[in-house]
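Before any comments, here is the structure.
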Amino acid sequence: MKSTIIIALLLLATLCAADSLHVSLIGHIDTPGSALEVYVYGSYAYVADHVGGLRVIDISTPTAPVEVGYYDTGGRAMGVVVSGYYAYIADCSSGFLVIDVSDPSTPFLVGSSTGDLEVGVYLSGSYAYLVGVGLDIIDISSPSSPSEVGFYDFDTDNTVDVYVSGSYAYVANFFYGLHILDVSSASSPSELGFYDGHFRNMHVCVSGSYAYTTGNDFRVIDVSSPSSPYEVGSYARGGEDVYVSGNYAYIAAYMGFDYGGLSIIDISSPTSPSEVGFYGVGFYAYGVYVSGDYSYVASGDSGLYILDISYFTGIEENSPSAKPEAFAISAYPNPFNSAVIITVSGEATSPLQIEVFDINGRRINVIARSASDEAISPNNRSSDPLDTRRDAVSINNCEFVWQPDAAIGSGVYLVRATVGPSTGSGTETATARVVYLK
């Protein structure tokens with residue numbers, strides 16, 4: 001029954017790919033509770049799974065994530081951060097927990113500190129900062145005996161998120177905006193500034209001189225002067241969690257009633273943020289984390305989604321700034337489950353080769369031209385059975401079809417086109433990442 005549900009969710013997520021822009025599904029795993037937050041450390045994703053406690057997911061193969069360990073927190077795990085051998089949990093029933101995850105298959109409790117309604121946690125130096133009722137500052141220099149060293153009371157129990165940068169803690173208050181505290185003295189934090197933002201503040205992330213907040217919408221706050229923060233830009237996309245990397249803010253977003261997903265906001269111009277990518281997971285989206293080419297979205301009862309965001313990270317594929325009129329490659333549909341159409345565009349005349357590699361760099365196939373392309377000579381092949389280099393052709397929106405044979409498993413593959421330029425000497429290459437869901 002469980003496997004049937006997982007397959008159904010994957011099929012639904014594939015259908016939801018129509019509600020996507022520059023983002024594609026890589027993998028998915030269900031969790032027994034409700035995935036609220038995710039933190040990636042090394043080859044593992046650590047999920048705060050509400051009544052499901054802490055779940056440890058091996059993501060070394062992003063297309064096939066698998067749970068390798070868990071810890072029952074005894075309450076409702078709301079937030080998680082991992083550093084070194086330890087996972088630090090905010091549990092709104094059990095308080096603050098320190099879990100040894102040196103062996104991901106057998107996490108165990110090493111220390112705890114009783115707190116009231118802990119819902120979020122952030123680490124900085126030898127301190128953990130927790131929110132729920134005010135701001136708790138916990139000394140974690142000895143993981144087996146964490147102890148409270150400071151506290152700030154906002155006269156409300158609606159603090160929902162915290163981010164620490166330098167000597168300042170930025171606290172999102174559900175009803176009352178963004179608080180900025182001086183935490184240079186952990187034992188005596190003091191409030192420096194306040195931004196009276198929008199009703200339903202959810203999360204905050206700080207990068208440089210700006211704080212990025214989510215809630216009923218997305219806002220950019222100038223915090224260069226902590227005592228007088230002010231809004232400089234906004235975008236009408238509500239959301240829960242937010243993760244900032246480079247010129248982009250990744251939001252666990254609201255996309256409609258009972259519908260959520262990943263929204264990617266271009267923040268290169270803080271005064272005019274704009275949405276440049278999204279993917280609808282079909283259900284709620286609560287937490288988001290970015291690592292390398294992937295975004296990890298905690299989606300409540302739907303578990304954990306792994307999404308390809310390489311269009312924005314641009315490690316191996318054509319970057320957004322690439323000039324498609326020179327030489328480019330694209331794939332559709334992507335992900336695919338039977339065949340994918342590879343389109344090569346641009347102007348060049350040269351022997352052309354289209355190759356497929358697995359994620360380890362091993363060449364597994366060479367894609368032949370589609371039957372409708374009559375410009376190819378069938379007589380120019382080498383003795384290499386995988387080599388299908390052809391006579392010189394003009395490259396202009398040529399289509400190729402790759403239909404993996406039965407021996408090829410689901411996974412991420414790289415399709416590389418190699419062609420000589422229209423002028424000069426040498427070769428040009430273009431690469432596209434495709435996801436095969438068998």
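No value in this document is a laboratory result; all are computed from the given coordinates. Being a predicted model, the structure only gives us computed values, none of them experimental. Cβ sites come from the backbone with ideal geometry, for glycine too, and all protein chains shown count toward neighbours.
Some points to look at:
- Relative contact order computed over the stretch 2-313 (Cα-Cα under 8 Å; 6+ residues apart), in percent: 15
- Sorting 329-338, 208-217, 105-114 by their mean Cβ neighbour count within 10 Å, with the most densely packed peptide first, gives 208-217, 329-338, 105-114.
- Amide H contacts under 5 Å for GLY79: ALA90, restricted to partners 5 or more places along the chain or on a different chain, H placed in the peptide plane at 1.01 Å from N.
- Built amide H within the under 5 Å cut-off of ALA35, gap 5+: SER299, GLY300, ASP301, SER302, GLY303
- The stretch 104-236 pair-distance distribution - Cα-Cα, 5 Å bins, rounded %: 2, 11, 21, 22, 19, 11, 7, 4, 2, 0
- Under 12 Å, Cβ to Cβ, from ALA236 - net charge with Lys/Arg +1 and Asp/Glu -1: 0
- Linear extension gain, THR271 paired with SER224, 0.36 nm per residue minus alpha-carbon span: 15.5 nm
- When its C-alpha radius of gyration is set against 2.2 N^0.38 Å (N residues), the stretch 81-157 gives a value of 1.04.
- Peptides 165-171, 138-144 ordered by average Cβ neighbours within 10 Å, highest first: 165-171, 138-144
- Estimated distance in nm for a label pair at ARG363 and LYS438, the labels positioned 7 Å out from Cα along Cα-to-Cβ: 2.3
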